[in-house]
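Below is one structure, written out as structure tokens; comments come after it.
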């Protein structure tokens, strides 16, 4: 069988008219309806996410222009690798948002765990607690040691959080774990739908709890990344006053959203705000410094 015969067989067996895979139409229609529902009902989330992603793109492009005009920051051999790490994080975050719009918020939620973890590791680089080479080492022991060191400083026994706060963080982490390993949150939702007398739908149906669960965690990941964006500046204030103003407004907007959750009695919001204030709040001088140099900015 050559390629043409292989393709023709698929079209003949699975085709109806000009359409290959006609039963997929049901799913595609559900995905489109899901996206329209989310955009209409959760306008605040999409305004914040659009602002964040736009600012992230602008930051990457501004860094790129600075390198093109001024060259790489002197004595900063890891700057290019760090810049590309930010780029890959942006793409992953964008993938999460795209999954939400297609009707798969908990699949986006699962991917957010990796985005969240990389936000922790980027903090470790910015604070001089590790470096890019350690976090990307082919030696698993070196890599895992660096990851664990950063994790313990932020969310573990060296973080300064109380026993009660650490317990809240463990619940937060376990939610990610449940969906990453076996899509258990999705499975439970579908089982409940059938137990309540609903009908099975192959295409995604809006479930407000799933959507809100994703959006809350996306806002937290977005806030962590926003706080880290100034690190791409080769020198303090290098990206200019307008960029700094957008950075401040975005920071305030994420805080406003998280405070809204705190006002609803969500303990994770209180703990998360504390994490931002104690670890992700940097001074006005915050900018890129090669690992091994003095950490930039102040708490």
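Only the coordinates and a few stated rules stand behind these numbers; no lab work does. Computed from a prediction, not measured in an experiment: that's the story for all the values here. For neighbour counting, all protein chains shown are included, and Cβ atoms are generated from backbone atoms with ideal geometry for every residue, glycine included.
The table that follows gives values for the structure above.
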read-out	value
Fewest-first ranking of 59, 189, using other Cβ atoms within 10 Å as the exposure measure	189, 59
Percentage relative contact order, the chain, counting C-alpha pairs under 8 Å, at least six apart	23
Cβ-derived FRET efficiency at R0 51 Å, residue 13 paired with residue 167, nearest 0.05	0.40
Value of [θ]222 nm, deg cm²/dmol, for the chain, DSSP H segments ≥ 4, -39500 (n - 2.57) each, nearest 500	-23500 deg cm²/dmol
Cβ-based exposure ranking for 2, 114, in which fewest neighbours within 10 Å come first	2, 114
Alpha carbon centroid spacing (whole Å) that separates the range 215-294 from the range 1-51	36
Structure-derived semi-axes √(5λ) of the Cα gyration tensor in Å: which label, when the choices are (i) 34, 22, 19; (ii) 37, 25, 20; (iii) 55, 32, 16	(ii)
Gain in span if fully extended, residue 94 to residue 200, counting 0.36 nm per residue against the direct Cα distance	35.3 nm
For the range 68-86 versus the range 175-191, the gap between their alpha-carbon centres in whole angstrom	39
55, 181 arranged by Cβ crowding within 10 Å, fewest neighbours leading	181, 55
Angle between the chain longest axis and helix 105-126 axis [Cα atoms, degrees, rounded to 10]	10
Degrees, to the nearest 10: 140-155 long Cα axis against longest axis of the chain	80
Gained length - residue 61 relative to residue 33, 0.36 nm times residue gap less alpha-carbon distance	6.7 nm
Helix 79-101 vs. the chain, principal-axis angle (Cα, 0 to 90°, nearest 10)	30
Relative contact order of the range 226-286, pairs being alpha-carbon contacts under 8 Å that are 6 or more residues apart, as %	49
For the range 1-136: rounded, prolate or oblate by the Cα gyration tensor [a/c cutoff 1.5]	prolate
